[in-house]
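A short write-up of the structure that comes next.
Throughout, read-outs are computed from the coordinates displayed, never taken from laboratory work. Quick caveat: nothing in here was measured; it's all calculated off a predicted structure. Every residue, glycine as well, gets a Cβ built from its backbone with ideal geometry; the counts of neighbours run over all protein chains shown.
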Amino acid sequence: MIKKLKIGLLVAVLSLAITSSALAANLTYSSDTPAYLSTAGYTLTIKSGSTATTVIVGASTLRFTMPVSSTFTVTSRNDIDITTNDGASTNTNTCASNLNTVVITTSDAQTPDITLTPNGGVCASSSGGGGSSGGGSSGGSTTTTVAATPATPATPAVPGTVIAGCGNRTTGFSTSIAGQSCAGNTSTTPATPATPATSATPSTTTGSYNLGTATIKNGSRGEAAKELQRFLNDKLNLGLVLDGIIGPKTIAVIKQWQSDNGLVADGLIGAKTKAMMNAGVTPATPASPSTTTGSYNLGTATLKNGSRGEAVKELQRFLNDKLNLGLALDGVLGSKTIAVIKQWQSDNGLVADGLIGAKTKAMMNAQ
């Protein structure tokens, strides 16, 4: 359902499936403003200097009206189809560095109603259009491919100069022709078979996202933040710079993603959100069913730093299953694993003491 929101103030936060409208006045964007289309999982960018009367950011389209004699510019990492409803504007589409730019300009007498829809094309060349039909353009695709290899033609055999009695020698004299030098004696070069062409194959993202053990939130920095940005680029085509700094616009995207995936939309990237993000990347190794305590046989003794044995292996299986940590199942519990346990206990409302006792085990087997 499209909601409507006045844009009399400058839009400063990321639009996430939000519909915004304004009074019929010349309203100009003073900074680049992302417009996130939630159903399409795609972000367009309204450029600074664009002027509009109303803007509607829907689940899969961007629709806007413009005052007369004005310009509205949108950039896209993928192609966008353009529909100009009343034929009163012109548009110019350009493609450079995998970025598609669409510039809509109104006439002196009409106020057009324009709808932009992402179609997932590949930004490869520039094109332009005008009038009521609008124009197509090319946009960048985040899917990369392994280039096709053309076939290599066969090389025919090259006949040599064979001198009787010389064999493979190029020095000395023939043993069967008196006085015949072996200089210039060469063998035949065999033919080389043709090499068949290979098809281009799409690239795939392998491995999980190493989102660390601490909760990531607004203001977080570091390698785990970079991994989160990489996840958003891979899954939502956001084109974020991997600078390892999490700001309010990224948190707004996270909240929408959490809501779309049945999580609490609090903008905190904790254990459950990380597990959901990695759920479609690397399948977890199923835990060995327990015959005594439920899903994970964590034993009866309290596990702590320095503990060893089969119960520790079960704990490591639990952490691999739920947090995608990729721990070696060596049955040795060390300080780094204890740090993970403390964070998990805190996230699940337990005392973060790093001791895996009855309450912690019960909570682990309840999930």
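Counting neighbouring beta carbons within 10 Å and listing from fewest to most, the residues Asp330, Asp113, Asp234 come out as Asp330, Asp234, Asp113. Across the stretch 211-224, coupling constants 3J(HN,Hα) worked out from phi with the 6.51/-1.76/1.60 Karplus curve, θ = phi - 60°, read 8, x, 10, 7, 5, 8, 8, 4, x, 5, 9, x, 5, 5 Hz, and Gly and Pro carry x. Across the stretch 260-275, computed HN-Hα scalar couplings (Karplus, 6.51 cos²θ - 1.76 cosθ + 1.60, θ = phi - 60°) run 5, 10, x, 9, 5, 7, 9, x, 9, 9, x, 4, 5, 5, 4, 4 Hz from first to last residue, x flagging Gly and Pro. Partners of Lys361 within straight-line reach, counting lysines whose Cα lies under 26 Å from its Cα and excluding those fewer than 8 residues away in the same chain: Lys272, Lys274, Lys304, Lys313, Lys322, Lys336, Lys342.
Taking label positions 7 Å along the Cα-Cβ direction at both Ser346 and Val162, the computed distance is 8.3 nm, reported to one decimal. Overall, the anisotropy analysis places the stretch 286-367 in the rounded class: the square-rooted eigenvalues a ≥ b ≥ c of its C-alpha gyration tensor yield a/c less than 1.5. Considering the stretch 223-278 at the alpha-carbon level, its Rg and Dmax are found to be 10.3, 28 Å. Close amide-amide hydrogen proximity is noted between Ile163 and Thr186, each under 5 Å apart and 5 or more residues distant or on a separate chain (H modeled in the peptide plane; Pro and chain starts excluded).
Each label point was placed 7 Å from the Cα along the Cα-to-Cβ direction; for Ser335 and Arg308 their separation is 1.9 nm.
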